[in-house]
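Notes follow once the structure below has been shown.
The values are calculated or read from the model by the stated rules, or taken from the named source; none is laboratory data. Just so you know, these numbers come straight off a predicted model, no measurement behind them. Neighbour counts run over all protein chains shown; Cβ positions are idealised from the backbone, glycine included.
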Amino acid sequence: MAEFLFYALALVALCGAAGVVLAKSPMFSVLSLLASFFALSVIYLLMSFPFMAAVQIVVYAGAILVLFLFVIMLLDLGHMGSKVEFSTAMFRSPAARIGAVVALALALAGLIAVQRGALQQAAGAAAETGPRDGLPQLAEALFGRYGLAFQATGMLLLVTMVAVVALAKRDRRKGPGSQGAQGGER
Amino acid sequence: MTEIVIWVVKVVVVWGALLTTAAIMSLAERKVSAWMQYRYGPNRVGPFGVLQPVADGIKFIMKEELVPAGANRLLFRIAPALSAAPAMLAVAVIPFGYTAVIAGHEITLSVADLDIGILYILALGGLGVYGVILGGWASNSKYSLLGGLRASAQMISYELTLMLSIMAVVLMAGSLDLRQIIEGQRAFLDWNIFYQPLAFVLFTIAMFAETNRHPFDFAECEPELVGGFHTEYSSMRFALFFLGEYCAMTVMAALNTTLFWGGPSVPFWPDAPWYVGVVAFIVKTSFFLFLFIWVRWTLPRLRFDQLMRLGWQALLPLALANVMVTGAVIALTAN
């Protein structure tokens, strides 16, 4: 039963991921991503790790995707279709083709690894380190043993955010004959 | 076998109570507003108008269902369900009493006791906004779109305050399990309201914003947006949006009771029988449901920039400071 559920959910997650790339309207890309996140969250539940499942929904579905939707609704209203449409037009660019080939190769490598029993090894290692759902253990690992890496990741995200803001601002002001400059500051 | 029966009975009772509360609230909203404005309110259907919700239900079902031209049919149709489902699921982890003993069976009074009960409610609360956003976007109407946009900005902003005010209580209880949180508040003087008054105020303000209620009802905002995200809806789908709103209000009121007011704890009667505890829980929750209506017919609506300033510049720093001080006190007194 659990195995069947896992494969069904994995299929949903993969279809959702494919939908993100292939959907014509960005709105449906976001909704596909939502479906994918949900499937992942239920997979965490199947692994008896409810904390991770809840955090996945709180952070990704509840906050980040809502921000995506917000931005899409603000910026991109032209793609308002009354049907769900998919397109493969993006694969005309060589970069996208290379990306697709790399993704397929990675998926193939993963399949081969599963075939050779990599998952059993990983599951054995996880079983040795104790119960996976111990919230105190997770907190100790996150803020104790991996505390420095955790903080560094936070700093990295902050720096990225500041950099993105700086880049976006500079483009708008100095862009050659950009419409933003003519329109004046808001 | 008996376990399954007990479980089914609990599910039926809790969901029945939730939907009944929503129906009563739809009447209470009009009755209380009438009472505050020296009117009678609905008084034609049944004695004192108590059958008005039934009449409303029949009317909603009989109405024609319209889908606007150019609307995204799929999303337009599922948006009301997305808006109503999270609140109906969230009620499952609310403990409405301690342990009851009926015919020799010990029954914990909640549908499900999750170790991460609070996170479960927050996760579902975060999903409630999808119904509003998608309903607003799929309607192909500028009023609906603006309502959906405002709702998403508002709910993201106030969710932070809501979570941080809950975190202070979680720090006090040392658990994300709602049952642990009410067990820690059995005695009257252990109620979290006495230790976390600031968190209570912040939670209550954020509770209004999260359920899109007055004075933060920018998602609908009749004078500016006609009906906001549900302008284009009719018939049962329109009713489903309202059902979702009232269910979310009930869950939030019950959560407020659980987190700050001892849940089913009865003041000065620590060994009260379980049914007195359930009654205490219902009374406390009813007060907060009344507060929703009371505020709606008393306060004027904020402006949208005021709402954002309040959320980001006043409530969020206060909530952060509250969590820091609570954490520091707990860390210092732990040794």
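So that you can scan it fast, the table gives a plain yes or no per residue for (1) at pLDDT 65 or above; (2) charged (D, E, K, R); (3) not assigned by TED's automatic domain parsing to the domain that holds A:Ser25:
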| position | (1), (2), (3) |
| --- | --- |
| A:Glu85 | yes, yes, no |
| A:Ala100 | yes, no, no |
| A:Leu106 | yes, no, no |
| A:Leu111 | yes, no, no |
| A:Gly124 | no, no, no |
| A:Gln151 | yes, no, yes |
| A:Val162 | yes, no, yes |
| A:Ser178 | no, no, yes |
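Quick check on segment B:271-292. Is at least one of its residues among the aromatic types (Phe, Trp, Tyr) and on the phi > 0 side of the Ramachandran plot? The answer is no; no qualifying residue exists.
If you check B:Gly104, B:Gly49, B:Gly70, B:Gly41 for being touching a Pro at 6+ places or on another chain (Cβ under 6 Å) and more than 23 Å from B:Ala253 (Cα to Cα), only one passes: B:Gly49.
Could you tell me whether segment B:88-102 includes any residue that is assigned to a helix (DSSP H, G or I) and free of Cβ contacts under 8 Å to residues at least 40 places away in the same chain? Within segment B:88-102, one or more residues are assigned to a helix (DSSP H, G or I) and free of Cβ contacts under 8 Å to residues at least 40 places away in the same chain. Scanning segment B:146-166 for residues that are of a type in the set (Val, Ile, Thr) and buried (at least 24 other Cβ atoms within 10 Å of the Cβ), we see that the one that is nearest to the other protein chains (Cβ to nearest Cβ) is B:Ile166. Taken residue by residue, segment A:36-48 has at least one member that is touching a Gly at 6+ places or on another chain (Cβ under 6 Å), assigned by TED's automatic domain parsing to the domain that holds A:Leu75, under 27 Å from A:Ile72 (Cβ atoms) and crowded, with 16+ Cβ neighbours inside 10 Å. Inclusion of B:Leu124 among residues that are assigned to a helix (DSSP H, G or I) and either within 25 Å of B:Arg77 (Cα to Cα) or in contact with a Ser or Thr (Cβ under 8 Å, 6 or more places away or on another chain) (or both) is warranted.
Okay, residues lined up against (1) under 17 Å from B:Tyr130 (Cβ atoms); (2) within 11 Å of chain B (Cβ to nearest Cβ):
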| residue | (1), (2) |
| --- | --- |
| A:Ala10 | no, no |
| A:Val20 | yes, no |
| A:Ser32 | yes, no |
| A:Ser41 | yes, yes |
| A:Phe49 | no, yes |
| A:Gln56 | yes, yes |
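Here is a yes/no grid of residues against (1) within 11 Å of chain A (Cβ to nearest Cβ); (2) under 28 Å from A:Leu69 (Cβ atoms); (3) at pLDDT below 85:
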position	(1), (2), (3)
B:Leu89	no, yes, no
B:Thr108	no, no, yes
B:Gly117	yes, yes, no
B:Leu122	yes, yes, no
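Residue-by-condition table, conditions (1) farther than 27 Å from B:Gly184 by Cβ; (2) small (Gly, Ala, Ser); (3) touching a Cys at 6+ places or on another chain (Cβ under 6 Å); (4) at pLDDT 85 or above:
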site: B:Ala22; (1), (2), (3), (4): yes, yes, yes, yes
site: B:Ala34; (1), (2), (3), (4): yes, yes, no, yes
site: B:Val50; (1), (2), (3), (4): yes, no, no, yes
site: B:Asn72; (1), (2), (3), (4): yes, no, no, no
site: B:Ile102; (1), (2), (3), (4): no, no, no, no
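When B:Thr250 is tested against (1) hydroxyl-bearing (Ser, Thr, Tyr); (2) over 19 Å from the mean Cα position of the chain (by Cα); (3) modelled with pLDDT of 80 or more, just one condition goes unmet, and that condition is (2). Can you find even one residue in segment A:20-40 that is on the phi < 0 side of the Ramachandran plot, in contact (Cβ under 8 Å) with a residue 60 or more places away in the chain and part of a helix (DSSP H, G or I)? Within segment A:20-40, one or more residues are on the phi < 0 side of the Ramachandran plot, in contact (Cβ under 8 Å) with a residue 60 or more places away in the chain and part of a helix (DSSP H, G or I).
Can you say whether B:Leu75 is within 30 Å of B:Ile193 (Cα to Cα) and within 14 Å of chain A (Cβ to nearest Cβ), as far as the supplied structure shows? So B:Leu75 fails the test.
Picking from B:Gly136, B:Gly126, which residue would you name as being at the interface with chain A (Cβ under 10 Å from one of its Cβ atoms), buried (at least 23 other Cβ atoms within 10 Å of the Cβ), of a type outside the set (D, E, K, R) and over 20 Å from the mean Cα position of the chain (by Cα)?
Of the residues listed, the single one that is at the interface with chain A (Cβ under 10 Å from one of its Cβ atoms), buried (at least 23 other Cβ atoms within 10 Å of the Cβ), of a type outside the set (D, E, K, R) and over 20 Å from the mean Cα position of the chain (by Cα) is B:Gly136.
Inspection of segment B:272-286 identifies at least one residue that is at pLDDT 85 or above, among the small types (Gly, Ala, Ser) and either in contact with a strand residue (DSSP E or B) (Cβ under 6 Å, 6 or more places away or on another chain) or surrounded by fewer than 24 Cβ atoms within 10 Å (Cβ to Cβ) (or both).
Scanning segment B:151-177 for residues that are among the hydrophobic types (A, V, I, L, M, F, W, C), modelled with pLDDT under 90 and either closer than 21 Å to B:Ala112 by Cα or touching a strand residue (DSSP E or B) at 6+ places or on another chain (Cβ under 9 Å) (or both) yields B:Ala173, B:Leu176. For segment B:91-106, a residue qualifies if it is hydrophobic (A, V, I, L, M, F, W, C) and away from chain A (no Cβ under 12 Å), and the qualifying residues are B:Val91, B:Ala92, B:Ile94, B:Phe96, B:Ala100, B:Val101, B:Ile102, B:Ala103. Kindly check whether there is at least one residue in segment B:160-171 that is in contact with a Gly (Cβ under 8 Å, 6 or more places away or on another chain) and either without any contact (Cβ under 8 Å) to a residue 40 or more places away in the chain or of a type in the set (S, T, N, Q) (or both). The answer is yes, given that some residue of segment B:160-171 is in contact with a Gly (Cβ under 8 Å, 6 or more places away or on another chain) and either without any contact (Cβ under 8 Å) to a residue 40 or more places away in the chain or of a type in the set (S, T, N, Q) (or both).
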